[in-house]
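Report on one structure; see the data block that follows.
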Amino acid sequence: MSATMEPAAHVSSAVRTDAPPAILLDKVNKWYGALHVLRDINLSVAQGERVVVCGPSGSGKSTMIRCINRLEQHQEGRIIVDNIELSDDLRSLDAIRREVGMVFQSFNLFPHLTILENCTLAPIWVRRMPKKEAEALAMDYLTRVKIPEQANKYPGQLSGGQQQRVAIARALCMKPKIMLFDEPTSALDPEMIKEVLDTMVMLADTGMTMICVTHEMGFARQVADRVVFMDRGEIVESGVPEQLFNDPKTERLKTFLSQILRGH
Amino acid sequence: MAEIAAEASAPRPLQDAVIGPRRPPLLAVGPVAWAKTNLFSSWLSTAVTLALGYLIIRWAMGFIDWAFVNAIWSVPVTNGQAQTQACRALNGTGACWAVVTEKHRFMLFGTYPYEEHWRPALCVLLFIGLYIVSAMRRFWRKELALIWIGTLALIGLLMWGGVFGLSYVPQERWGGLVITLILSTFGIALAFPLSILVALGRRSRLPAIKTLCILYVELIRGVPLISLLFMASVMFPLFLPEGINIDKLLRAQVAIILFAAAYLAEVVRGGLQALPRGQYEAADALGLGFWQKTGFIILPQALRLVIPPLVNTFIGMFKDTSLVLIIGIFDLLTAGKTAIVEPAWQGFGIEIYVTIGLIYFIFCFAMSRYSQGLEAELNQHRVR
Ligand SMILES: Nc1ncnc2c1ncn2[C@@H]1O[C@H](COP(=O)(O)OP(=O)(O)OP(=O)(O)O)[C@@H](O)[C@H]1O
Ligand SMILES: [Mg+2]
């Protein structure tokens with residue numbers, strides 16, 4: 001599964017096929033007890049590539065991207081992130097988490113810290129950045145996600161869309177090479193989805209390597225270099241958005257797309 | 001009021017669409033309204049209110065008579081013997097506060113040498129100062145640990161003496177309020193961090209640590225504090241090689257710390273469990289290490305959630321220190337009990353116990369009020 005494909009229509013692609021892949025999943029298998037949730041997953045994401053993952057509920061999308069920064073552990077196969085193979089070695093784990101940012105469906109901001117503190121905590125303690133520098137960096141990112149004026153509020157005082165944008169800024173403050181998004185807009189009211197998607201489009205424009213679990217087809221068409229369709233723990237189909245959405249090869253994807261379209 | 005009623009019932013013109021804020025009807029607010037809805041809402045509640053009110057007033061008047069009007073505040077002392085006939089003549093109709101006046105030094109300082117009483121008195125003040133400083137969020141910095149270490153060292157120096165011209169006072173002679181404060185302060189200050197470690201240990205992925213912590217909590221919790229104190233005072237020395245003698249107070253202190261930590265650990269664990277998993281995951285995803293995650297994200301939130309049960313346990317622990325009575329350590333309660341052993345003062349226990357109760361109450365009530373304020377302050381971020 002190489003990344004030789006046409007760039008998406010709207011956002012310029014920054015896929016670098018010459019460099020080693022940013023993320024490589026090689027025959028990854030995972031079980032929860034007897035439940036086989038990831039089956040022989042092979043996925044290679046090039047540097048600068050934007051991959052959208054979709055699929056029905058329970059198909060293992062979250063599990064797959066959570067394996068990439070080892071919030072979950074896979075049991076078989078290899079996962080290589082930024083040229084580091086995931087293993088039980090704690091040092092490799094630290095190195096990977098420093099380079100991989102993650103945004104959750106439920107934001108998971110730290111409610112007892114201000115927005116600014118949310119953003120500076122990890123740079124100060126993990127990256128050992130001086131406080132002043134970390135705060136300047138955080139303000140920079142908060143400005144880019146268009147909420148610098150909220151810096152001294154607490155997460156509970158912000159709307160869902162604002163919280164999710166803070167979560168994105170918080171992850172970016174670690175200057176990650178790779179960003180993972182797990183349904184970042186699913187917990188949001190419709191009027192807030194756009195502001196978060198706009199932020200993500202902007203991020204995609206910077207050439208960030210991204211894997212994004214989402215059912216926002218418009219977003220996928222606009223920014224994705226590749227869409228991966230998962231079902232029952234397998235990658236069933238993958239390809240550029242136009243091809244995948246307009247010309248699904250498998251029954252499962254056809255059913256899924258018709259359900260998605262009906263739902264929207 | 002008639003005006004308001006008239007205005008409310010008058011039909012409003014239709015075009016007056018924007019309705020400005022109105023005050024609630026006068027009869028719905030204020031103390032009269034409160035009394036009306038809560039005390040006199042029906043004939044039954046009126047009857048209960050009147051009956052209870054009568055009882056409360058009767059009892060309060062009786063208490064005032066006993067505690068103040070008929071009370072005797074001091075008695076003459078001849079040849080070092082208190083003349084308590086006047087008190088006995090009261091026959092219980094008035095309080096004999098003279099026993100407190102006469103024995104307060106013993107209650108507060110036990111058998112500490114009389115002319116050195118300023119030392120434990122100063123220690124009590126130091127303790128109270130330490131509590132006040134620690135209670136102020138302004139001082140919640142690293143330096144606070146140094147303040148604690150410095151103050152506690154100074155207290156030890158004052159109590160023991162033996163240097164700087166202070167005479168040496170062996171621990172057996174310490175007593176009274178200072179013992180209660182020593183046992184509870186060291187108890188809380190050491191049991192609390194220990195309990196956090198145990199609570200974290202119970203959630204550890206390493207089976208050995210987890211088992212150890214579970215065993216510790218279950219074993220200690222399954223035994224009454226009294227038996228732990230007995231073990232500390234009677235059994236423990238049997239295992240020590242001859243000649244080595246660990247101070248009795250220290251042994252009781254260790255027993256209290258271990259006991260309190262087991263309870264506190266369960267409280268802390270409750271807080272840890274109440275935190276959503278997403279908080280752990282977000283901290284992990286940012287690359288925070290275990291201690292950073294625990295110190296910056298998990299504990300600050302978990303402990304805030306359990307302030308009420310934590311303080312509950314602290315207060316219980318403060319009072320439980322009085323159990324050292326059974327192994328012959330002179331805390332406040334033991335000193336008070338001993339004060340009335342003297343024949344002249346026998347039978348005046350009520351006054352002594354009321355006073356001791358009041359001292360305990362002041363400390364416990366202060367803790368309770370403080371925790372309420374703290375809870376409100378620390379949970380401000382939940383308020384929109
Ligand atoms: N911690 C867990 N323990 C046991 N089973 C789990 C756990 N987490 C997920 N599963 C199961 O693994 C399967 C895949 O879950 P996953 O969350 O990856 O699905 P998903 O594709 O993200 O679904 P959704 O769209 O609902 O988020 C599901 O059947 C789920 O029930
Ligand atoms: Mg999911």
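So that you can scan it fast, the table gives a plain yes or no per residue for (1) out of contact with any helix residue (DSSP H, G or I) (no Cβ under 9 Å at 6 or more places or on another chain); (2) under 24 Å from A:GLY48 (Cα atoms); (3) away from ligand 2 (no atom under 16 Å from the Cβ):
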| position | (1), (2), (3) |
| --- | --- |
| A:ALA151 | no, no, yes |
| A:GLN157 | no, no, yes |
| A:GLN164 | no, yes, no |
| A:ILE168 | no, yes, yes |
| A:ALA171 | no, yes, yes |
| A:PHE181 | no, yes, no |
| A:ALA187 | no, no, no |
| A:LEU197 | no, yes, yes |
| A:MET208 | no, yes, yes |
Name the single residue, out of those in region A:147-166 being within 12 Å of another protein chain (Cβ to nearest Cβ) and surrounded by fewer than 19 Cβ atoms within 10 Å (Cβ to Cβ), that is nearest to B:ASN379 (Cα to Cα). A:GLY156
What are the pairs with Cβ atoms under 6 angstrom where one residue, in region A:47-62, is farther than 9 Å from A:ASP225 by Cβ and the other, located anywhere, is near ligand 2 (Cβ under 9 Å from one of its atoms)? Sequence gap at least six, or different chains. A:VAL53/A:LYS61; A:VAL53/A:VAL213; A:GLY55/A:LYS61; A:LYS61/A:VAL213; A:SER62/A:ASP182
Go through region B:267-285 residue by residue and tally those that are surrounded by fewer than 18 Cβ atoms within 10 Å (Cβ to Cβ) and more than 14 Å from every other protein chain (Cβ to nearest Cβ). 2
Could you say which residue among A:ARG128, A:ARG98, A:ARG144 is within 23 Å of A:ASP205 (Cα to Cα), within 14 Å of another protein chain (Cβ to nearest Cβ) and of a type in the set (Lys, Arg)? A:ARG98
Criterion (at pLDDT 90 or above, under 23 Å from A:SER106 (Cα atoms) and not aliphatic (A, V, I, L, M)) met by exactly one of A:THR255, A:THR214, A:THR250: A:THR214
Are there helices (runs of 4 or more DSSP H) fully within region A:35-139 with at least 3 residues that are away from ligand 2 (no atom under 15 Å from the Cβ)? List them. A:90-99, A:115-125
Quick check on region B:228-240. Is at least one of its residues open to solvent by 30 Å² or more (accessible area, probe 1.4 Å) and within 14 Å of chain A (Cβ to nearest Cβ)? no
Unique match (being out of contact with any Asp or Glu (no Cβ under 7 Å at 6 or more places or on another chain), buried (at least 18 other Cβ atoms within 10 Å of the Cβ) and of a type in the set (Val, Ile, Thr)) among B:ILE359, B:ILE329: B:ILE329
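Show me the helices (runs of 4 or more DSSP H) found entirely inside region B:35-132 where at least 3 residues are more than 30 Å from B:LEU157 (Cα to Cα).
B:43-64, B:85-90
Return the total of residues in region A:32-50 being within 15 Å of ligand 1 (Cβ to nearest atom) and in contact with a strand residue (DSSP E or B) (Cβ under 7 Å, 6 or more places away or on another chain).
Initially, region A:32-50 is screened for residues within 15 Å of ligand 1 (Cβ to nearest atom), giving A:32-39, A:41, A:43.
When the remaining residues are screened for being in contact with a strand residue (DSSP E or B) (Cβ under 7 Å, 6 or more places away or on another chain), the result is A:37-39, A:41, A:43.
The qualifying residues number 5.
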Residue ID - nearest to the other protein chains (Cβ to nearest Cβ), chosen from residues in region B:286-306 that are under 28 Å from A:VAL100 (Cβ atoms) and touching a residue at least 40 places away in the same chain (Cβ under 8 Å): B:LEU299
Of the numbered conditions (1) surrounded by fewer than 20 Cβ atoms within 10 Å (Cβ to Cβ); (2) within 16 Å of ligand 2 (Cβ to nearest atom); (3) at pLDDT 90 or above, A:GLU237 satisfies every one except a single condition; which is it? (2)
Please go through region B:362-382 and give me each residue that is away from chain A (no Cβ under 14 Å), of a type in the set (A, V, I, L, M, F, W, C) and under 20 Å from A:PRO111 (Cα atoms), ordered by number. B:ALA376
Of all residues making up region A:167-190, the number that are open to solvent by 20 Å² or more (accessible area, probe 1.4 Å) and away from ligand 1 (no atom under 16 Å from the Cβ): 4
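Just the residues that are touching a Ser or Thr at 6+ places or on another chain (Cβ under 8 Å) and open to solvent by 10 Å² or more (accessible area, probe 1.4 Å), please, taken from region A:215-233.
Of region A:215-233, the ones touching a Ser or Thr at 6+ places or on another chain (Cβ under 8 Å) are A:215-216, A:220, A:225-233.
Result: A:HIS215, A:GLU216, A:ASP231, A:ARG232.
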Taking the condition open to solvent by 40 Å² or more (accessible area, probe 1.4 Å) and more than 9 Å from chain B (Cβ to nearest Cβ), does A:ARG91 pass? yes
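Name the one entry in B:SER233, B:SER204 that is in contact with a Lys or Arg (Cβ under 9 Å, 6 or more places away or on another chain) and within 24 Å of B:THR111 (Cβ to Cβ).
Working: B:SER204 fails: within 24 Å of B:THR111 (Cβ to Cβ).
Just one listed residue meets the conditions, B:SER233.
Quick one: would you say A:SER59 is facing another protein chain (nearest Cβ under 8 Å), among the small types (Gly, Ala, Ser) and surrounded by 16 or more Cβ atoms within 10 Å (Cβ to Cβ)? It would help to see each step written out before you state the result.
Numbers: facing another protein chain (nearest Cβ under 8 Å): no; among the small types (Gly, Ala, Ser): yes; surrounded by 16 or more Cβ atoms within 10 Å (Cβ to Cβ): yes.
Spelling it out, it is not the case that A:SER59 is facing another protein chain (nearest Cβ under 8 Å), among the small types (Gly, Ala, Ser) and surrounded by 16 or more Cβ atoms within 10 Å (Cβ to Cβ).
The values are calculated or read from the model by the stated rules, or taken from the named source; none is laboratory data. Since we're looking at a predicted model, the values are computed, not measured. Counting neighbours? That spans all protein chains shown, and the Cβs are built from the backbone with ideal geometry, glycine included. Remember, those area values only see protein heavy atoms, side chains included, never the ligands or the DNA or RNA. Shrake-Rupley method; radii C 1.70, N 1.55, O 1.52, S 1.80 Å.
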